[in-house]
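Below is one structure, written out as structure tokens; comments come after it.
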Amino acid sequence: MRNIFLIVVFAISLSPLFSQSSPFSVVSYSQGLGSDGNVVISSRSNPLNSLGTPENVDIDNGPNINFFSLGFGGTILLEISPFAVTPNTKITIFETTFGYQCDIYPEECEIYEGKDSSQMFLIGTSCGNEGMTLNAPLFLDTIKFFKVVDISNSLNFSGFLEPADGYDLDGIEIQNFNPLAIHLGSFSVIYNEGIVEIEIVTLSESNSWKIQVLVSENLIEWRKLTEFNSYGNTSMPTKYYGEVFFEPIESITYFKVAEVDLDGEISLYDPISVVTNLRGPIELFDLSGRRTTNGNFLIRKK
């Protein structure tokens with residue numbers, strides 16, 4: 001009867017991780033007119049005021065304008081550094097209307113995003129002077145462009161003394177909460193007569209370069225066993241599989257995943273233990289003690 005080795009893995013809870021980005025370049029724009037049919041005043045016509053981190057200061061501070069007025073029917077196309085889309089990606093667009101709410105002063109826009117500027121996808125609409133947060137669609141792996149289109153109706157502003165100038169874009173903020181370079185779905189290692197079979201499944205990847213498998217006999221000294229070229233940026237599950245010749249030193253060997261991103265940063269994930277002195281496949285167990293075929297375990301980033 002074959003002995004069964006129970007894998008017990010301990011995990012340290014993660015504190016929230018966070019990354020964010022904002023547009024850095026104006027690709028193109030077409031400013032519409034004001035509600036009176038005239039051009040928008042020059043202090044509100046600098047498209048560069050829509051770049052960078054939103055100031056989100058919704059008070060009239062005289063000449064210090066930090067937004068770009070699209071004008072009625074106006075558009076602007078912005079570029080950001082490629083930003084990986086994960087289930088935790090949030091997009092917030094900020095508008096400045098000096099205290100007026102949407103039901104009183106309905107300056108509205110549509111927001112589009114895309115991997116390239118030739119194919120953009122509508123992700124939502126925004127109205128009023130409060131930041132509107134939207135979820136990024138997961139059918140895109142990365143975001144590189146945003147387009148904002150004014151859809152305000154000039155007839156809604158006929159009762160105001162000053163002409164309206166359409167949606168006033170203060171900026172866009174893209175955020176990932178709890179981002180990992182790779183979101184590791186499963187990791188399994190099976191030892192069988194001098195060969196280890198390795199299977200890794202990532203649920204998403206961000207800025208990833210290499211996925212390495214490290215090996216150790218004492219959980220202290222680690223060496224690289226093999227590596228895979230990672231997909232890079234994706235929100236879809238990706239499977240990596242390989243077979244490597246391996247001569248065990250001890251009866252129990254430890255394996256873990258190390259991810260190397262394009263910036264050289266390394267993320268380490270929790271190890272698993274495998275009996276390496278038996279012939280034939282090794283049975284694996286998850287944290288609750290149930291038999292498993294994929295070696296699921298909890299993740300810790302160091």
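The values are calculated or read from the model by the stated rules, or taken from the named source; none is laboratory data. The model shown is predicted, which means the values in this text are computed figures rather than measured ones. For neighbour counting, all protein chains shown are included, and Cβ atoms are generated from backbone atoms with ideal geometry for every residue, glycine included. Quick note on the areas: whole protein, heavy atoms, side chains included, nothing else; ligands and nucleic acids left out. Shrake-Rupley method; radii C 1.70, N 1.55, O 1.52, S 1.80 Å.
Key figures for this structure:
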item	result
Heavy-atom accessible area per residue - region 197-270, 1.4 Å, Å²	51 Å²
Table column - 3J(HN,Hα) (Hz), region 210-221, Karplus curve with 6.51, -1.76, 1.60, x for Gly and Pro	10, 10, 9, 10, 9, 9, 8, 9, 9, 6, 10, 9
Packing-based order for 236-246, 253-263, using average beta carbon neighbours within 10 Å, highest first	253-263, 236-246
In region 104-147, the GluC sites (Glu not before Pro) that fall in loop regions by DSSP, at most 15 other Cβ within 10 Å	Glu130
Hydrodynamic radius (Kirkwood) for region 61-131, which is based on Cα pairs only, to one decimal in Å	14.2 Å
Cα-projected label distance for Asn277 with Leu155, points at 7 Å along beta-carbon direction, nm	8.6 nm
Filtered chymotrypsin sites (Phe, Trp or Tyr not before Pro), region 63-148: DSSP coil and at most 12 other beta carbons within 10 Å	Phe98, Phe139
R0 of 30 Å, Cβ-Cβ distance Ile104-Leu48: FRET efficiency to nearest 0.05	0.55
Label-reachable residues, region 188-212, where backbone N falls under 18 Å from a point 7 Å from Glu250's Cα toward its Cβ	189-191
Carbon/sulfur fraction of accessible area - region 73-144, other protein chains in place, 1.4 Å, %	48 percent
Under 11 Å, Cβ to Cβ, from Asn49 - net charge with Lys/Arg +1 and Asp/Glu -1	-2
Label-point separation, Val39 to Met236 (7 Å along Cα→Cβ), nm	4.7 nm
